[in-house]
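The values are calculated or read from the model by the stated rules, or taken from the named source; none is laboratory data. Just so we're clear, the structure is a prediction, and the values are computed from it rather than from any experiment. Positions of Cβ are generated from backbone atoms using ideal geometry, with glycine treated the same way; all protein chains shown enter the neighbour counts.
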Amino acid sequence: MRLFGEIAAWATFAVVVGVLSVWPRYEMMDSGAAILTLTFSHAAQRVGECRTLTQEDLNELPPNMRRPSDCPRERNPVHIELRSSGSVIYQDLLTPSGVWSDGKVNIYKRIVIPAGPHELFIGMNDSGGDSGFDFETRARVDLQPGRNLVIRFDELSSGFVIR
Amino acid sequence: MIGRVHSIGRSFYELLRRPLARAFESKQNPLNQLGALTIFFCWIVLVSGIWLLIFFRTSVSAAFESVEYLTHEQWYLGGVMRSLHRYASDALIITILLHVIKEFIFNRYRLNRWFNWVTGIPLVWMIFALGITGYWLVWDQLAQYVAISTAELLDALPIFTDSMAGNFMSDELLSNRFFTLMAFIHLIGLPIFLVFGIWLHVFRLNGPRINPPRRLMAGALLCMLLLSVIYPAISHDKANLAMAPQALRFDWFYLHVYPLIQRWSPGWVWILLVGISVVLTIAPWAPPAKKTTVAVVDLDNCNGCKRCADDCPFGAIEMIPRTDGTNYTHQASVTDDLCISCGICVGACPTATPFRSKSALVPGIDLPNRSAASIRQDIVDQAETPSDDPRVMIFGCRDDRQTEIVRKAGGNVVTVRCMAHLQPSYLDFVLSRGHADGVMLLGCENGNCDYRLGADWTEARIARVRDPWLRKRTDTTKIAMGWLAPWANIANPVKRVGAFRDALRVTEGDT
Ligand code: HEM
Ligand code: SF4
Ligand code: SF4
């Protein structure tokens, strides 16, 4: 009798362990959806122009601090916009990191969009003001369901890479 | 308020305890061995993990295939080991959860136990970190999901400047370095911390239960083995960073908070996790428990025999060099912060015998608010209270509901703090002086004693295997041990007393 009870208890335990280790399934997203992952870090342009120091300026500085030009450290915020077939699906204004706002901005964003063909546009402004985008890229993609399309910014070629 | 929460918790606990109490005797009951069972599952995880390690390849490209090899080519051993590794890890989440709940609802986390409680919390963090890094190493789609979500979680902390999640964007960009780091954390770093953490968790206790009884170990191992053979653990498809996994077979034991990372945000998940940990950490003092008067040593009666120190469940007694100039080398000394007035030391002290003349019943160690002398007085008083024949003297633990029921039913009850508070010579005293015809001990069952070792020491002293033992002349058939689950609303204890009385009647009839 005891043995039977023990077996029943351990069997129940095994079922609980076995079941909850795989079930219920976790549905991450709709089966007809795909993901755009926007991820990169970028140092925006500095807020102002560098100023060439005059001889008087230099004389005022201690010898170890003398340098030909004085640049503001602060960088512009980065405006980023992502459009699909004309409509904006993501946009944000990101402030640079660091106490002096002189660091890079880090972007990591997952955007769920329907699978299928998309006319993607990505633009980034890092020079401040309303002067339009400093960088922009367009791409035609046909996303299969579950596809994770990554959009990065390549500093070497100064352009977006979509793949 | 908190007492109410405890008592509601205990009612739910009863639902689980009752069926299990039918299947297992109390010492074998998994609910009375939760800490030890957790450690036993850790052993299974460790041993199976070593087997996996032999075949595992710690590189992004080879990890998945090496696990596949174990699972399918070497299914008869490697596959079973893999499944054991997974299922034992899952099982121990259940035992930890129950362990925490049980300590909580039985109010065993305050006073001196705050230390066990607080040191338990980092153990949970370590166990989860182990589980998460473990799933990561398989490098299948679930691993991919876990890796990216964990990276998102870590990115929410202001520690790293570059985005960690950004590392997981394409198979080419993913570096082996990162993967090797995970392997190091899972295989070496965390296990070392965990072993140290478990040691810290129990080292202050006297004789912590590290291993469950053999039969329970066998049951647990067989259970895990059969599950592994019948339903082996398998991987998802290999990770492919160009695709996002859609529906995953999900290990809810380890990954239950993960869906919240996307549903809420990583920041809120941190707030939740840290919040729970903080609430748990301050729980022992919210509100602080009332401290009762601690055990007090009387040097004139202490001969430095060390029995009290050996028996104190919480290591609250230290033997220090003698301070009163007598010829004994040592004396007992109580660390007040560790003592919770269980009286077990009094039950261990050879000087706590009721046969001493009344004025002088001052043992080497005693509880000021429930002295050895007051227990003897209660026995004498109860002996004079009329009762059914044969007369049964019942000893019950303080606070226990069972004791109350028996008392209300007119039993001759003497309460002690813990069954092991009663030095065995008291039993001899009751029987040899004719204060009763039989003695019934209504103590808390083994593994469920508020003072941990009450049932162990009482049984051992009466079985004459642990000092101070019951005198040879005492007839043990006249002593009944009615171990009960504390607070439980079970088989009427009055009936047990009645049954014992019947048994006494039979033996008396024989003589
Ligand atoms: C890996 C996880 C854990 C393991 C292996 C473990 C193991 C143990 C063991 C072996 C004991 C000694 C039991 C005895 O002999 O009386 C114990 C006691 C205790 N544990 Fe844990 N434990 C774990 C986690 C926790 C957690 C998370 C908490 C609470 C937050 C906790 C709270 C306690 C308390 C309060 C005691 C003292 C029990 C008593 O004195 O009755 N433990 N644990
Ligand atoms: S009363 Fe209990 S906790 Fe205190 S010293 Fe004695 S045995 Fe230890
Ligand atoms: S058991 Fe009694 S006599 Fe022995 S050391 Fe402890 S207090 Fe002293």
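Within the stretch B:204-217, one or more residues are within 16 Å of ligand 3 (Cβ to nearest atom), touching a residue at least 60 places away in the same chain (Cβ under 8 Å) and over 22 Å from B:MET81 (Cα atoms).
Given the structure, is B:LEU187 farther than 24 Å from A:VAL150 by Cβ and surrounded by fewer than 19 Cβ atoms within 10 Å (Cβ to Cβ)?
Judged against the criteria, B:LEU187 is not a match.
Pairs meeting the criteria (first residue in the stretch B:418-447 and within 14 Å of chain A (Cβ to nearest Cβ) and more than 18 Å from B:PHE500 (Cβ to Cβ), second residue within 16 Å of ligand 3 (Cβ to nearest atom) and not hydroxyl-bearing (Ser, Thr, Tyr), beta carbons under 6 Å, at least 6 apart or on different chains) are lacking. Can you find, within the stretch A:22-45, the residue that is modelled with the lowest pLDDT among those that are more than 8 Å from chain B (Cβ to nearest Cβ) and either touching a Ser or Thr at 6+ places or on another chain (Cβ under 7 Å) or closer than 19 Å to B:GLU152 by Cα (or both)? The extreme case among them is A:GLN45.
Residue count for the stretch B:46-61, restricted to those that are in contact with a Gly (Cβ under 9 Å, 6 or more places away or on another chain) and either modelled with pLDDT under 90 or surrounded by 18 or more Cβ atoms within 10 Å (Cβ to Cβ) (or both): 3. Contact annotation: residue pairs with Cβ atoms under 9 Å, 6 or more positions apart or on different chains, pairing a residue in the stretch B:1-30 that is under 27 Å from B:ALA283 (Cβ atoms) with a partner that is hydroxyl-bearing (Ser, Thr, Tyr), are B:PRO30/B:THR95. Comparison of B:GLY347, B:GLY325, B:GLY343 shows that the only residue that is assigned by TED's automatic domain parsing to the domain that holds B:VAL413, within 16 Å of ligand 2 (Cβ to nearest atom) and at positive phi is B:GLY343.
For B:LEU248, are the conditions met, namely being more than 16 Å from ligand 3 (Cβ to nearest atom), closer than 30 Å to A:LEU3 by Cα and either more than 21 Å from the chain's Cα centre (by Cα) or touching a residue at least 24 places away in the same chain (Cβ under 8 Å) (or both)? The answer is no for B:LEU248. Among the residues making up the stretch B:330-366, those that are of a type in the set (Gly, Ala, Ser), touching a Lys or Arg at 6+ places or on another chain (Cβ under 7 Å) and more than 9 Å from ligand 3 (Cβ to nearest atom) are B:SER341, B:GLY343.
Exactly one residue out of B:ALA360, B:ALA332 is free of Cβ contacts under 8 Å to residues at least 40 places away in the same chain, within 16 Å of ligand 2 (Cβ to nearest atom) and among the small types (Gly, Ala, Ser), and it is B:ALA332. Here is a check on your reading of the model: is B:GLY79 away from ligand 2 (no atom under 16 Å from the Cβ) and either outside the structural domain of B:ASN167 (by TED's automatic domain parsing) or farther than 25 Å from B:MET126 by Cβ (or both)? Considered against the rule, which asks whether it is away from ligand 2 (no atom under 16 Å from the Cβ) and either outside the structural domain of B:ASN167 (by TED's automatic domain parsing) or farther than 25 Å from B:MET126 by Cβ (or both), B:GLY79 comes out as yes. Of all the listed residues (B:ILE192, B:ILE271, B:ILE261, B:ILE210), the sole one being of a type in the set (A, V, I, L, M, F, W, C), out of contact with any Phe, Trp or Tyr (no Cβ under 7 Å at 6 or more places or on another chain), part of a loop (DSSP other than H, G, I, E, B) and more than 10 Å from every other protein chain (Cβ to nearest Cβ) is B:ILE210.
Flag: B:ILE132 matches the condition of being among the β-branched types (Val, Ile, Thr), in the same structural domain as B:SER277 (by TED's automatic domain parsing) and more than 9 Å from ligand 1 (Cβ to nearest atom). Inside the stretch B:402-417, residues that are within 16 Å of ligand 2 (Cβ to nearest atom) and polar (S, T, N, Q) make up a count of 1. The set of residues from the stretch A:21-54 being under 34 Å from the mean Cα position of the chain (by Cα) and aliphatic (A, V, I, L, M) comprises A:VAL22, A:MET28, A:MET29, A:ALA33, A:ALA34, A:ILE35, A:LEU36, A:LEU38, A:ALA43, A:ALA44, A:VAL47. The condition of being polar (S, T, N, Q) and either more than 8 Å from chain A (Cβ to nearest Cβ) or assigned to a helix (DSSP H, G or I) (or both) holds for B:SER277. For the stretch B:226-247, give me each residue that is buried (at least 17 other Cβ atoms within 10 Å of the Cβ), assigned to a helix (DSSP H, G or I) and more than 7 Å from every other protein chain (Cβ to nearest Cβ). Correct list: B:SER228 only. Just one of (1) out of contact with any His (no Cβ under 8 Å at 6 or more places or on another chain); (2) away from every other protein chain (no Cβ under 14 Å) fails for A:LYS109. It is (2). Among the residues of the stretch B:99-115, not a single one is away from ligand 2 (no atom under 16 Å from the Cβ), at negative phi, within 11 Å of chain A (Cβ to nearest Cβ) and crowded, with 20+ Cβ neighbours inside 10 Å. Scanning the stretch B:24-44 for residues that are surrounded by fewer than 21 Cβ atoms within 10 Å (Cβ to Cβ) and within 14 Å of chain A (Cβ to nearest Cβ) yields B:GLU25, B:SER26, B:LYS27, B:GLN28, B:LEU31.
Of the residues making up the stretch B:421-438, those that are surrounded by fewer than 24 Cβ atoms within 10 Å (Cβ to Cβ) and either acidic (Asp, Glu) or assigned to a strand (DSSP E or B) (or both) are B:ASP428, B:ASP437.
The rows are residues; the columns are (1) closer than 17 Å to A:TYR108 by Cβ; (2) touching a residue at least 24 places away in the same chain (Cβ under 8 Å); (3) not in a helix (DSSP H, G or I).
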| position | (1), (2), (3) |
| --- | --- |
| B:PHE128 | no, yes, no |
| B:ILE132 | no, yes, no |
| B:ALA143 | no, yes, no |
| B:LEU153 | yes, yes, no |
| B:LEU157 | yes, yes, yes |
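The requirement of being aliphatic (A, V, I, L, M), more than 30 Å from B:PRO313 (Cβ to Cβ) and either surrounded by 18 or more Cβ atoms within 10 Å (Cβ to Cβ) or away from chain A (no Cβ under 12 Å) (or both) is satisfied by B:ALA151.
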